[in-house]
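To start, the structure itself, in structure tokens.
The values are calculated or read from the model by the stated rules, or taken from the named source; none is laboratory data. Source: prediction; values computed, not measured. Here the Cβ positions follow ideal geometry from the backbone for every residue, glycine too, while neighbour counts run over all protein chains shown.
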């Protein structure tokens, strides 16, 4: 096990793709997506790594919630994920949007896996 204060990337074994990061916290290790959204609460290193290996990529197909305005959340589907940006498609069919989705900055806008 590696210890320290920096996030530790977890790579998929077969192709080296980054599944997410393990972030040290006072409560243990927090599994985080590639765009720094929490996948689960802190736990020991092995459990947190297991969450990333099991859910790190597959969770991107799940519904996600984006706080597009303070206190106003929208359900979205992630089309593309990068550390500094997400391309999302809003789940609400009444929202006018590009056929290619919308790019958002997950560092500036709250994005979470579960409905707020």
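Key figures
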| item | result |
| --- | --- |
| Residues of segment 17-46 that turn out to be modelled with pLDDT of 95 or more, farther than 19 Å from residue 111 by Cα and in a loop (DSSP other than H, G, I, E, B), as a count | 1 |
| Residue under evaluation residue 76, criteria (1) buried (at least 20 other Cβ atoms within 10 Å of the Cβ); (2) within 14 Å of the chain's Cα centre (by Cα); (3) part of a helix (DSSP H, G or I), criterion not met | (3) |
| Single residue of segment 33-47 satisfying the filter (touching a residue at least 40 places away in the same chain (Cβ under 8 Å) and in contact with a helix residue (DSSP H, G or I) (Cβ under 8 Å, 6 or more places away or on another chain)) that is surrounded by the most Cβ atoms within 10 Å (Cβ to Cβ) | 33 |
| Residue list for segment 56-73, restricted to those being surrounded by 13 or more Cβ atoms within 10 Å (Cβ to Cβ) and under 20 Å from residue 17 (Cβ atoms) | 56, 57, 59, 60, 64 |
| Selection within segment 79-97 - outside any loop (DSSP other than H, G, I, E, B) and within 15 Å of residue 115 (Cβ to Cβ) | 90 |
| Residues being assigned to a loop (DSSP other than H, G, I, E, B) and surrounded by 13 or more Cβ atoms within 10 Å (Cβ to Cβ) - total across segment 98-108 | 2 |
| Failed item, numbered, when residue 50 is tested on (1) without any contact (Cβ under 8 Å) to a residue 12 or more places away in the chain; (2) part of a loop (DSSP other than H, G, I, E, B) | (2) |
